[in-house]
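**Q** For reference, the structure I am asking about is given below.
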Amino acid sequence: MLDILKVNTKKAAQILKQSKHTTAFTGAGISVESGIPPFRGKTGLWSKYDPKILELNYFHQHPEDSWEIIKEIFYDFFGKAQPNKAHKVLAKMEKYNLLQAVITQNIDNLHQAAGSKTVYEFHGTSAKMVCTNCKRKFDSKKVNLENIPPKCIACGGLLKPDFIFLGEGIPVEAYQKSLEEAENAEVFFLIGTTGLVEPAASIPYKAKYNGAVIIEINPERTVFTEKITDIFLQGKAGEVMKQLGEYIFEED
Ligand code: APR
(Lines give C-alpha, C1' and ligand atoms only; values in the text may rest on other atoms or scores of the structure.)
Protein backbone atom coordinates (compact mmCIF):
# COMPACT_ATOMS: atom_id res chain seq x y z
CA MET A 1 0.00 0.00 0.00
CA LEU A 2 1.19 3.52 -0.73
CA ASP A 3 2.56 5.14 2.41
CA ILE A 4 1.37 8.75 2.08
CA LEU A 5 3.37 9.95 5.08
CA LYS A 6 6.58 8.51 3.60
CA VAL A 7 5.91 10.03 0.18
CA ASN A 8 5.11 13.42 1.71
CA THR A 9 8.11 13.30 4.05
CA LYS A 10 10.40 12.64 1.05
CA LYS A 11 8.80 15.52 -0.81
CA ALA A 12 9.24 17.80 2.22
CA ALA A 13 12.92 16.78 2.49
CA GLN A 14 13.50 17.74 -1.16
CA ILE A 15 11.85 21.11 -0.66
CA LEU A 16 13.82 21.77 2.53
CA LYS A 17 17.10 20.90 0.78
CA GLN A 18 16.36 23.37 -2.00
CA SER A 19 15.06 26.21 0.16
CA LYS A 20 17.38 29.16 0.67
CA HIS A 21 15.53 30.37 3.74
CA THR A 22 13.60 28.07 6.05
CA THR A 23 12.05 29.09 9.35
CA ALA A 24 10.67 26.62 11.88
CA PHE A 25 7.67 27.70 13.94
CA THR A 26 7.16 25.45 16.94
CA GLY A 27 4.58 24.94 19.68
CA ALA A 28 4.02 22.75 22.70
CA GLY A 29 3.66 19.62 20.53
CA ILE A 30 7.38 19.49 19.71
CA SER A 31 8.18 19.00 23.40
CA VAL A 32 5.52 16.37 24.13
CA GLU A 33 7.97 13.53 23.40
CA SER A 34 10.35 15.18 25.90
CA GLY A 35 7.70 14.58 28.55
CA ILE A 36 6.26 18.10 28.63
CA PRO A 37 2.47 18.13 28.37
CA PRO A 38 0.76 20.53 25.92
CA PHE A 39 -1.49 23.31 27.22
CA ARG A 40 -4.73 22.28 25.57
CA GLY A 41 -6.50 18.97 25.12
CA LYS A 42 -7.35 16.14 27.52
CA THR A 43 -3.82 15.78 28.96
CA GLY A 44 -3.05 19.51 28.71
CA LEU A 45 -1.76 21.62 31.61
CA TRP A 46 -4.93 23.71 31.65
CA SER A 47 -7.03 20.61 32.35
CA LYS A 48 -5.06 20.17 35.61
CA TYR A 49 -4.14 23.71 36.68
CA ASP A 50 -6.06 26.95 36.78
CA PRO A 51 -4.53 29.37 34.23
CA LYS A 52 -5.21 32.25 36.65
CA ILE A 53 -1.82 31.49 38.29
CA LEU A 54 -0.34 33.07 35.17
CA GLU A 55 -2.48 36.19 35.30
CA LEU A 56 -0.37 39.21 36.25
CA ASN A 57 -2.84 40.64 38.79
CA TYR A 58 -3.32 37.31 40.50
CA PHE A 59 0.46 36.79 40.58
CA HIS A 60 1.05 40.15 42.30
CA GLN A 61 -1.79 39.62 44.75
CA HIS A 62 -0.95 35.97 45.56
CA PRO A 63 2.75 35.54 44.71
CA GLU A 64 3.18 32.52 46.97
CA ASP A 65 0.20 30.61 45.53
CA SER A 66 1.26 31.37 41.96
CA TRP A 67 4.89 30.50 42.60
CA GLU A 68 3.99 27.19 44.19
CA ILE A 69 2.40 25.99 40.94
CA ILE A 70 4.91 27.79 38.69
CA LYS A 71 7.76 26.04 40.51
CA GLU A 72 6.04 22.68 40.22
CA ILE A 73 5.26 22.94 36.51
CA PHE A 74 8.02 25.04 35.02
CA TYR A 75 11.02 24.31 37.24
CA ASP A 76 10.71 20.98 39.11
CA PHE A 77 9.07 19.24 36.16
CA PHE A 78 10.13 21.07 32.98
CA GLY A 79 13.63 21.47 34.44
CA LYS A 80 14.36 17.77 33.98
CA ALA A 81 13.19 17.56 30.34
CA GLN A 82 15.72 16.82 27.58
CA PRO A 83 15.46 17.74 23.89
CA ASN A 84 14.07 15.00 21.65
CA LYS A 85 14.85 14.00 18.06
CA ALA A 86 12.72 16.80 16.62
CA HIS A 87 14.68 19.51 18.47
CA LYS A 88 17.93 17.78 17.49
CA VAL A 89 17.16 17.49 13.77
CA LEU A 90 16.25 21.20 13.67
CA ALA A 91 19.58 22.04 15.33
CA LYS A 92 21.41 19.87 12.80
CA MET A 93 19.58 21.54 9.92
CA GLU A 94 20.71 24.94 11.21
CA LYS A 95 24.29 23.71 11.51
CA TYR A 96 24.25 22.67 7.83
CA ASN A 97 22.63 25.95 6.79
CA LEU A 98 19.30 24.29 5.99
CA LEU A 99 17.43 26.25 8.63
CA GLN A 100 17.79 29.96 9.27
CA ALA A 101 15.76 30.41 12.48
CA VAL A 102 13.38 28.85 14.95
CA ILE A 103 10.42 30.85 16.21
CA THR A 104 9.08 29.07 19.26
CA GLN A 105 6.07 29.65 21.44
CA ASN A 106 7.66 27.33 23.99
CA ILE A 107 9.41 28.58 27.09
CA ASP A 108 11.22 25.34 27.86
CA ASN A 109 14.65 26.21 26.38
CA LEU A 110 14.82 22.80 24.63
CA HIS A 111 15.76 24.20 21.21
CA GLN A 112 18.84 25.83 22.73
CA ALA A 113 19.58 22.68 24.74
CA ALA A 114 19.59 20.76 21.43
CA GLY A 115 22.09 23.22 19.93
CA SER A 116 19.89 25.66 17.98
CA LYS A 117 21.49 29.12 17.91
CA THR A 118 18.96 31.45 16.28
CA VAL A 119 15.85 31.03 18.40
CA TYR A 120 13.18 33.71 18.76
CA GLU A 121 11.19 33.03 21.91
CA PHE A 122 7.79 34.49 21.15
CA HIS A 123 6.48 34.00 24.68
CA GLY A 124 9.78 34.46 26.51
CA THR A 125 11.64 31.82 28.49
CA SER A 126 11.65 30.01 31.82
CA ALA A 127 15.46 29.91 31.70
CA LYS A 128 15.59 33.46 33.07
CA MET A 129 13.79 35.35 35.80
CA VAL A 130 13.13 39.05 35.85
CA CYS A 131 12.72 41.34 38.86
CA THR A 132 9.28 42.94 38.73
CA ASN A 133 10.77 46.00 40.47
CA CYS A 134 14.24 46.79 39.06
CA LYS A 135 13.91 44.63 35.86
CA ARG A 136 17.27 42.91 36.39
CA LYS A 137 17.40 39.44 34.85
CA PHE A 138 18.81 36.30 36.44
CA ASP A 139 19.70 32.82 35.24
CA SER A 140 16.88 30.67 36.70
CA LYS A 141 19.34 27.91 37.62
CA LYS A 142 21.03 30.32 40.01
CA VAL A 143 17.83 31.33 41.79
CA ASN A 144 17.08 29.42 44.96
CA LEU A 145 13.49 28.17 44.82
CA GLU A 146 13.58 26.62 48.28
CA ASN A 147 11.83 29.70 49.63
CA ILE A 148 9.05 31.01 47.47
CA PRO A 149 8.31 33.55 46.22
CA PRO A 150 11.91 34.21 45.14
CA LYS A 151 13.20 37.76 45.62
CA CYS A 152 15.71 39.90 43.72
CA ILE A 153 19.16 39.82 45.35
CA ALA A 154 19.74 43.41 44.23
CA CYS A 155 16.56 45.19 45.39
CA GLY A 156 14.37 42.62 47.15
CA GLY A 157 11.63 42.89 44.49
CA LEU A 158 9.45 39.91 43.51
CA LEU A 159 10.98 37.71 40.79
CA LYS A 160 8.83 36.51 37.90
CA PRO A 161 9.74 33.95 35.23
CA ASP A 162 10.83 35.78 32.08
CA PHE A 163 7.98 34.37 30.04
CA ILE A 164 4.85 36.33 29.33
CA PHE A 165 1.86 35.95 31.60
CA LEU A 166 -1.70 36.06 30.31
CA GLY A 167 -2.42 39.46 28.84
CA GLU A 168 1.23 40.59 28.66
CA GLY A 169 2.77 41.88 25.44
CA ILE A 170 5.05 39.83 23.18
CA PRO A 171 8.79 40.51 23.70
CA VAL A 172 9.51 43.26 21.16
CA GLU A 173 12.64 41.83 19.54
CA ALA A 174 11.21 38.33 19.18
CA TYR A 175 8.07 39.76 17.57
CA GLN A 176 10.04 41.96 15.19
CA LYS A 177 12.38 39.14 14.16
CA SER A 178 9.43 36.77 13.67
CA LEU A 179 7.78 39.26 11.32
CA GLU A 180 11.06 39.51 9.37
CA GLU A 181 11.19 35.71 9.12
CA ALA A 182 7.62 35.67 7.82
CA GLU A 183 8.72 38.12 5.12
CA ASN A 184 11.90 36.33 4.11
CA ALA A 185 11.13 32.63 4.45
CA GLU A 186 10.78 30.41 1.38
CA VAL A 187 9.61 27.58 3.61
CA PHE A 188 7.76 27.92 6.90
CA PHE A 189 7.87 24.73 8.92
CA LEU A 190 5.11 24.39 11.54
CA ILE A 191 5.64 21.78 14.24
CA GLY A 192 3.22 20.91 17.04
CA THR A 193 1.04 23.98 17.36
CA THR A 194 -2.72 24.40 17.36
CA GLY A 195 -2.62 27.89 15.86
CA LEU A 196 -5.23 29.11 18.32
CA VAL A 197 -3.21 31.67 20.25
CA GLU A 198 -2.75 35.17 18.83
CA PRO A 199 -0.65 37.02 17.85
CA ALA A 200 1.67 34.01 17.39
CA ALA A 201 -0.84 32.27 15.12
CA SER A 202 -0.81 35.19 12.66
CA ILE A 203 2.89 34.70 11.82
CA PRO A 204 2.47 31.60 9.58
CA TYR A 205 -0.39 33.32 7.72
CA LYS A 206 1.94 36.25 7.01
CA ALA A 207 4.59 33.85 5.71
CA LYS A 208 2.06 32.15 3.43
CA TYR A 209 0.85 35.54 2.17
CA ASN A 210 4.47 36.38 1.35
CA GLY A 211 4.79 33.21 -0.73
CA ALA A 212 6.29 30.66 1.67
CA VAL A 213 5.62 26.95 1.23
CA ILE A 214 4.03 25.67 4.44
CA ILE A 215 5.09 22.27 5.78
CA GLU A 216 3.31 21.11 8.92
CA ILE A 217 3.91 18.27 11.39
CA ASN A 218 1.15 17.39 13.84
CA PRO A 219 -0.66 14.17 14.83
CA GLU A 220 -3.94 16.10 14.44
CA ARG A 221 -5.21 18.42 11.74
CA THR A 222 -5.21 22.06 12.85
CA VAL A 223 -6.63 25.35 11.58
CA PHE A 224 -3.37 25.78 9.66
CA THR A 225 -3.86 22.41 7.93
CA GLU A 226 -7.20 23.49 6.56
CA LYS A 227 -6.19 27.00 5.57
CA ILE A 228 -2.52 27.29 4.58
CA THR A 229 -0.60 24.02 4.79
CA ASP A 230 0.92 22.72 1.54
CA ILE A 231 2.43 19.51 2.89
CA PHE A 232 0.90 17.92 5.97
CA LEU A 233 3.00 15.30 7.74
CA GLN A 234 0.59 13.63 10.12
CA GLY A 235 2.46 12.15 13.07
CA LYS A 236 4.48 12.81 16.18
CA ALA A 237 7.23 15.41 15.82
CA GLY A 238 10.06 13.15 17.05
CA GLU A 239 9.14 10.28 14.74
CA VAL A 240 8.46 12.37 11.63
CA MET A 241 11.57 14.52 12.15
CA LYS A 242 13.73 11.41 12.54
CA GLN A 243 12.56 10.15 9.14
CA LEU A 244 12.83 13.61 7.62
CA GLY A 245 16.37 13.98 8.97
CA GLU A 246 17.32 10.67 7.36
CA TYR A 247 16.00 11.82 3.99
CA ILE A 248 17.63 15.25 4.27
CA PHE A 249 21.01 13.96 5.37
CA GLU A 250 20.62 10.73 3.37
CA GLU A 251 21.47 8.42 6.25
CA ASP A 252 19.82 5.01 5.93
N1 APR B 1 4.22 15.94 18.03
C2 APR B 1 3.75 17.03 17.38
N3 APR B 1 2.64 17.69 17.75
C4 APR B 1 1.98 17.20 18.82
C5 APR B 1 2.41 16.07 19.55
C6 APR B 1 3.59 15.42 19.10
N7 APR B 1 4.10 14.33 19.71
N8 APR B 1 1.53 15.86 20.55
C9 APR B 1 0.60 16.82 20.47
N10 APR B 1 0.85 17.63 19.42
C11 APR B 1 0.12 18.82 18.94
C12 APR B 1 -1.36 18.85 19.28
O13 APR B 1 -2.12 18.13 18.32
C14 APR B 1 -1.64 20.36 19.24
O15 APR B 1 -1.96 20.79 17.93
O16 APR B 1 0.68 19.96 19.58
C17 APR B 1 -0.28 20.98 19.63
C18 APR B 1 -0.25 21.58 21.02
O19 APR B 1 -1.15 22.62 21.11
P20 APR B 1 -1.23 23.63 22.35
O21 APR B 1 -1.16 22.88 23.64
O22 APR B 1 -2.38 24.53 22.12
O23 APR B 1 0.16 24.41 22.23
P24 APR B 1 0.56 25.69 21.40
O25 APR B 1 -0.07 25.75 20.08
O26 APR B 1 2.04 25.76 21.49
O27 APR B 1 -0.03 26.83 22.34
C28 APR B 1 0.31 28.13 22.08
O29 APR B 1 -0.77 28.84 24.10
O30 APR B 1 -1.26 28.80 26.41
C31 APR B 1 -0.48 29.35 25.40
O32 APR B 1 1.54 30.43 25.76
C33 APR B 1 1.00 29.16 25.62
O34 APR B 1 2.74 28.98 23.96
C35 APR B 1 1.47 28.50 24.33
C36 APR B 1 0.41 28.92 23.35
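**Q** Using θ = phi - 60° and the Karplus relation 6.51 cos²θ - 1.76 cosθ + 1.60, list the HN-Hα couplings for segment 80-85 in order, rounded to whole Hz, with x at every Gly or Pro.
**A** Per-residue couplings from phi come out as 8, 5, 10, x, 9, 4 Hz.
**Q** Same structure again: Step by step: find N for segment 14-82, compute 2.2 N^0.38 Å, then divide the Cα radius of gyration by it. What's the final number? Could you put the intermediate results ahead of the total?
**A** Details: Rg = 16.6 Å, N = 69, 2.2 N^0.38 = 11.0 Å.
The reported ratio for this selection is 1.51.
**Q** Place +1 on the Cβ of every Lys and Arg and -1 on the Cβ of every Asp and Glu in the chain, take the dipole about the Cα centre, and give the residue among Cys131, Phe77, Ile203 whose Cα lies farthest towards its positive end.
**A** Of Cys131, Phe77, Ile203, it is Cys131.
**Q** Could you calculate, for segment 183-225, the ratio of the Cα radius of gyration to the Kirkwood radius, expressed as Rg to Rh? Intermediate results must be reported in sequence, preceding the final value.
**A** On the way: Rg = 9.9 Å, Rh = 10.5 Å.
Across segment 183-225, the Cα-based Rg/Rh ratio is 0.94.
**Q** Just read off the accessible area of Glu183 with the full protein assembly in place, 1.4 Å probe, to the nearest 10 Å².
**A** Spelled out: Glu183, probe radius 1.4 Å, area about 120 Å².
**Q** Let me understand the chain better: what is its radius of gyration from the alpha carbons, and its Dmax, in angstrom?
**A** Values for the chain (Cα only, Rg and Dmax): 18.7, 66 Å.
**Q** Using just the helices of the chain, give the 222 nm mean residue ellipticity in deg cm²/dmol: DSSP H runs with n ≥ 4 each add -39,500 (n - 2.57), and the total is spread over all residues, rounded to 500.
**A** Values: 10 runs with 88 residues, N = 252.
Counting only the DSSP helices, I get -10000 deg cm²/dmol.
**Q** Would you calculate the volume per residue, in Å³, of the smallest convex hull containing every Cα atom of segment 132-241? Don't jump to the answer; show the numbers that get you there.
**A** Details: hull volume 16.3 nm³, N = 110.
That works out to 148 Å³ per residue.
**Q** Next question, about the same structure. If the viscosity is 0.692 mPa s and the temperature 37 °C, what translational diffusion coefficient in µm²/s does Stokes-Einstein give for segment 75-163 when Rh comes from Kirkwood over Cα pairs? Don't skip to the answer; put the middle values down first.
**A** Working: Rh = 14.2 Å.
The Stokes-Einstein estimate is 231 µm²/s.
**Q** Among 168-176, 125-133, what's the highest-first ranking by average C-beta atoms within 10 angstrom per residue? All intermediate terms of the calculation are to be shown ahead of the outcome.
**A** Details: 168-176: 13.9, 125-133: 19.1.
Averaged packing, sorted descending, gives the order 125-133, 168-176.
**Q** Hey, another quick one. Based on alpha-carbon centroids, what's the gap between segment 178-252 and segment 97-140 in Å, whole number please?
**A** So the separation of the two Cα centres works out to 20 Å.
**Q** Show the residues, 5+ positions off or on another chain, whose built amide H is closer than 5 Å to the amide H of Phe25.
**A** Amide H neighbours of Phe25: Ile103, Phe189, Leu190, Ile191.
**Q** Here's a follow-up. When we measure straight from the Cα of Lys71, which lysines land under 17 angstrom away, once same-chain ones fewer than 8 places off are left out?
**A** Lys71 reaches Lys48, Lys52, Lys80, Lys128, Lys141, Lys142, Lys151, Lys160.
**Q** Which distance in nm do the two modelled labels at His21 and Asn57 give, with both placed 7 Å along the Cα-to-Cβ direction?
**A** With each label placed 7 Å out from Cα toward Cβ, I get 4.2 nm.
**Q** Further question: Ratio of segment 1-121's C-alpha Rg to 2.2 N^0.38 Å, to two decimals? Before the final figure, lay out each step's value.
**A** Details: Rg = 17.6 Å, N = 121, 2.2 N^0.38 = 13.6 Å.
Here the answer is 1.30, to two decimals.
**Q** Please report, as a whole percent, how much of the solvent-accessible surface of segment 1-126 comes from carbon and sulfur atoms (probe radius 1.4 Å). Write out the running numbers ahead of the final one.
**A** Values: 3240 of 6260 Å².
Using a 1.4 Å probe with all protein chains present, segment 1-126 comes out at 52 percent carbon and sulfur.
**Q** Considering only protein heavy atoms, what per residue accessible area in square angstrom results for the chain with a 1.4 angstrom probe? It would help to have the intermediate numbers written out before the result.
**A** Details: 12790 Å² over 252 residues.
On a per-residue basis, 51 Å².
**Q** With a/c under 1.5 counting as rounded, go ahead and sort segment 82-123 into rounded, prolate or oblate using the C-alpha gyration tensor (a ≥ b ≥ c being the square roots of the eigenvalues; past the cut-off, prolate if a/b is larger than b/c, else oblate).
**A** Numbers: a/c = 2.29, a/b = 1.27, b/c = 1.81.
Cα axes put segment 82-123 in the oblate bin.
The values are calculated or read from the model by the stated rules, or taken from the named source; none is laboratory data. All figures in this text were calculated on a predicted structure; none of them were measured in a lab. We place every Cβ from the backbone using ideal geometry, glycine too, and count neighbours over all the protein chains shown. Heads up: the accessible areas ignore ligands, DNA and RNA and are worked out on the full protein's heavy atoms, side chains in. Shrake-Rupley method; radii C 1.70, N 1.55, O 1.52, S 1.80 Å.
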